[in-house]
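**Student:** My questions will all concern the structure given below.
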Amino acid sequence: MTRLTTAEKILRAAHRLFDSDGAEAVTMRRVADAVGITPMAIYRHFPNRDALLKRLSDDSFNAVAHEWKARTRSPDLLKRLMALADPYLDYALTHPHLFDHAFSVRRDDARRYPEDFRAGLSPTFNVVVDAIIEGMAKGVLKQDDPHDVAMAIWAQQHGLVALYRAGRFTYDEAQFRAFYKQSLGRLIDGIKA
């Protein structure tokens, strides 16, 4: 078994605090206590709290992107697009604090549409755009701007998740998951060629 570096221990401790109690819980003192080091020792690895939070956010995006890429293996493009919806919902419901920080909280370092997304700076968005470009090239999806179509799909997913988490549905989680898939299915039906 490989020993974790101090930086890896810091990230794991910060991730656990963030995941359980939100960004406010990630203080240098609490992270240091969890790792068994002094708060000042963290600064050897992360220049400040914002850098630590950014790293957590970046790591979360990359983990979700990796999960999405694993789901892009289906040769059926429409099934692939539907399968990409599951990890987003799973992440939102399993890691609500990380999800909010990544997707719902205003941050100066957040990627902005359209420039950052068209430049390929979003690892998660890129997976969806690539699938849409492939679908358009194969004649499965209507010709359109693939980035705008990907944003429409993301907005649909995010809007439903936000409404569910805000208590705007009377559905239990299983019912909401079914509705979420049906709703996304309707949107994908509308972009089919």
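The values are calculated or read from the model by the stated rules, or taken from the named source; none is laboratory data. Values in this document were obtained by computation on a predicted structure and should not be read as measured data. Virtual Cβ from ideal backbone geometry, glycine too; neighbours counted across all protein chains shown. What goes into the accessible areas is simple: the full protein's heavy atoms, side chains included, and nothing from ligands, DNA or RNA. Shrake-Rupley method; radii C 1.70, N 1.55, O 1.52, S 1.80 Å.
**Student:** Within the group TYR180, TYR171, TYR164, which residue is under 12 Å from ALA85 (Cα atoms) and either open to solvent by 70 Å² or more (accessible area, probe 1.4 Å) or out of contact with any Asp or Glu (no Cβ under 6 Å at 6 or more places or on another chain) (or both)?
**Tutor:** None of the other options fit; the residue is TYR180.
**Student:** Next question, about the same structure. Going by the structure shown, is ALA155 out of contact with any Ser or Thr (no Cβ under 7 Å at 6 or more places or on another chain), at pLDDT 90 or above, within 30 Å of LEU52 (Cβ to Cβ) and open to solvent by 50 Å² or more (accessible area, probe 1.4 Å)?
**Tutor:** Here the answer is yes, as ALA155 does meet what is asked.
**Student:** Could I ask something else about it? Identify the single condition in (1) open to solvent by less than 80 Å² (accessible area, probe 1.4 Å); (2) among the polar types (S, T, N, Q); (3) outside any helix (DSSP H, G or I) that SER20 does not satisfy, given that it satisfies every other one.
**Tutor:** For SER20, the failing item is (3).
**Student:** Is it fair to say ALA70 is among the small types (Gly, Ala, Ser) and either closer than 20 Å to ASN126 by Cβ or open to solvent by less than 50 Å² (accessible area, probe 1.4 Å) (or both)?
**Tutor:** yes
**Student:** Just one of (1) crowded, with 19+ Cβ neighbours inside 10 Å; (2) free of Cβ contacts under 8 Å to residues at least 60 places away in the same chain; (3) of a type outside the set (Asp, Glu) trips up ALA85, so point out which.
**Tutor:** (2)
**Student:** Still on this structure, I have one more. At least 3 residues that are under 24 Å from GLY135 (Cα atoms) and modelled with pLDDT under 90 in each: list the helices (runs of 4 or more DSSP H) lying fully within segment 23-81 that qualify.
**Tutor:** Filter on segment 23-81 gives 49-70.
**Student:** Of the residues ALA131, ALA92, ALA102, which is modelled with pLDDT under 85 and assigned to a helix (DSSP H, G or I)?
**Tutor:** ALA102
**Student:** Is there any pair with a first residue in segment 2-26 that is more than 12 Å from ARG49 (Cα to Cα) and a second that is open to solvent by 40 Å² or more (accessible area, probe 1.4 Å) and of a type in the set (A, V, I, L, M) whose Cβ atoms are under 6 Å apart and which are 6 or more apart or on different chains, and what are they?
**Tutor:** Short answer, once both residue conditions are applied: ALA13/ALA34.
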